[in-house]
Amino acid sequence: MQATERIITHNNWITLVILFAIVLLVIMKLIKPNQLLGYTIAFFISGFFQKKTQDNTPFYSFFNLLLFTFSSITISLFLFLIIYSEKQEHNFFNFLVLLSILTTYFIVRHLLDYFLSNILGLSLATKYFLVTKSGYLNSLSLWLFPFIIIYQYAFNNSLFLIIIFFILFIFRLFLILINNKKIVILKLFYFILYFCTLEIAPLLIAYKIITTT
């Protein structure tokens, strides 16, 4: 009986989080349908992030804040479902801790990107690199979200979810490399250092902190 109650509670709060993410999608669809579509198909159609770089849209616009929130929730939920694979560890507090860590990391990384691209007055090519890096992460979140739903309610296999994430992650990395090949070729060492330091290392540190507490 206790086990049943735990599973029901677990499913209830995760369902509410998923419903909240869907509400965010609906709001984004209502206020900026073309922007949402652009992020969704950015994996397959070039030019969307080039236009965003030229428009220089502020991060703190309402749509961007909604998209940032959606991406943070989606990636946090993915990491939560993988890290806390045992049902008894599926509690809302653990998810909030993970969400807080990831959101803080994303905010710090954005502020660093803003400092690099605006305060230091970097070239348009470098700004484009920073835009594609964060933009493709949003695209990854939009594509990952339906697979989280499938995993949660239809195909409860963590390996399935991990494979989907790594396919999307590798695809994102490939597109960043292809669309910024001039910068990557000229400054390969710095690109690898940047990517490992700000993309991979923080996630590994967060994983270590969460799993040891």
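The values are calculated or read from the model by the stated rules, or taken from the named source; none is laboratory data. The structure presented is a predicted model; accordingly, all values stated were derived computationally and were not measured. Areas reflect the complete protein model, heavy atoms only, side chains present, ligands, DNA and RNA absent. Shrake-Rupley method; radii C 1.70, N 1.55, O 1.52, S 1.80 Å.
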*Please calculate the 1.4 Å probe accessible area of Ile73, with all protein chains present, and give it to the nearest 10 Å².*
10
*If Trp143, Trp13 are ordered by their accessible area, calculated over protein heavy atoms with a 1.4 Å probe, which sequence runs from highest to lowest?*
Trp143, Trp13
*Accessible surface of Thr40 in the full protein assembly, 1.4 angstrom probe, to the nearest 10 Å²?*
40
*Accessible-area order (highest first, 1.4 angstrom probe) of the listed residues Tyr84, Tyr60, Tyr153*: Tyr60, Tyr153, Tyr84
